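Working notes, beginning with the structure itself.
The values are calculated or read from the model by the stated rules, or taken from the named source; none is laboratory data. No experiment lies behind these values; they were computed from the predicted model shown. Cβ: placed from backbone, ideal geometry, glycine included. Neighbour counts: every protein chain shown. To get the accessible areas, we keep the full protein, side chains included, count just its heavy atoms, and leave off ligands, DNA and RNA. Shrake-Rupley method; radii C 1.70, N 1.55, O 1.52, S 1.80 Å.
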Amino acid sequence: FYKDLLSKFNTDNELTDEQVYMLLIGFAQQDTYKPYTQEADQVYDLNNQEKFDEAISKANELLKANPLLPALYKELIFAYRKKGNETLADNSQKKLQGILNAMLYTGDGTCDNPYVVFWVREEYTLLKYLDFKKTGGVNTGTCAGQMADKIEVTNLTTKDKTEICFNIMPIFKRTMGK
């Protein structure tokens with residue numbers, strides 16, 4: 001099931017939010033899943049040095065092991081746009097949006113119904129996607145009976161302050177070897 005969904009995601013990305021969420025769950029069961037990976041930083045550094053061809057090559061290489069890592073798609077979008085390849089930038093953006101929309105599918109960010117995340121750094125990607133910025137503390141606690149990160153944020157448009165909660169059980173389970 002996982003391989004079929006991944007193949008479809010890689011070829012046409014016409015998956016529902018629920019299917020992408022199932023794909024994320026399946027990926028979290030793979031040996032290549034690393035919830036604390038910093039590999040996207042290598043691509044970021046190449047983009048910062050304006051080595052866009054190398055960044056694209058490195059990102060595509062890393063996607064073989066981490067096919068759903070949002071940070072890699074963010075860097076690909078940037079590099080492709082700098083190279084003037086709008087088609088591939090748009091394809092990467094659709095994949096990134098598909099992953100983020102799947103995370104949104106999992107909840108509403110409240111403690112009663114937190115968003116499920118698979119990489120801690122992507123909590124901040126999702127916050128930015130929702131027009132929030134971390135402006136306060138980050139606490140780990142329990143939400144809906146699961147381990148969760150609770151982040152104090154400000155909506156960048158309305159300036160309202162609130163707390164967004166993330167279920168981090170997939171990360172915790174991998175870290176604990178379960």
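Observations on the structure shown:
- Matching entry among Tyr115, Tyr129, Tyr124 (being at pLDDT 95 or above, within 30 Å of Leu6 (Cα to Cα) and within 13 Å of the chain's Cα centre (by Cα)): Tyr115
- A count restricted to segment 31-46 and to residues that are over 12 Å from the mean Cα position of the chain (by Cα) and not in a loop (DSSP other than H, G, I, E, B) stands at 6.
- Pairs where the first residue, in segment 121-134, is without any contact (Cβ under 8 Å) to a residue 60 or more places away in the chain and open to solvent by 50 Å² or more (accessible area, probe 1.4 Å) and the second is in a helix (DSSP H, G or I) and among the β-branched types (Val, Ile, Thr), C-beta under 8 Å, 6+ apart: none
- Count of segment 97-112 residues, restricted to those that are open to solvent by 20 Å² or more (accessible area, probe 1.4 Å) and within 15 Å of the chain's Cα centre (by Cα), is 5.
- Residues (modelled with pLDDT under 95 and not hydrophobic (A, V, I, L, M, F, W, C)) located in segment 42-69: Lys64, Asn66, Pro67
- Residue in segment 77-93 that is in contact (Cβ under 8 Å) with a residue 60 or more places away in the chain and surrounded by 14 or more Cβ atoms within 10 Å (Cβ to Cβ) present: yes
- Residue satisfying all of: in segment 49-74; within 19 Å of the chain's Cα centre (by Cα) and charged (D, E, K, R); least open to solvent (accessible area, probe 1.4 Å) among these: Lys58
- Check on Tyr21, among the aromatic types (Phe, Trp, Tyr) and modelled with pLDDT under 90: no
- Scanning segment 9-30 for residues that are in a helix (DSSP H, G or I), open to solvent by 40 Å² or more (accessible area, probe 1.4 Å) and in contact with a helix residue (DSSP H, G or I) (Cβ under 9 Å, 6 or more places away or on another chain) returns Asn10, Asp17, Glu18, Gln19, Tyr21, Met22, Ile25.
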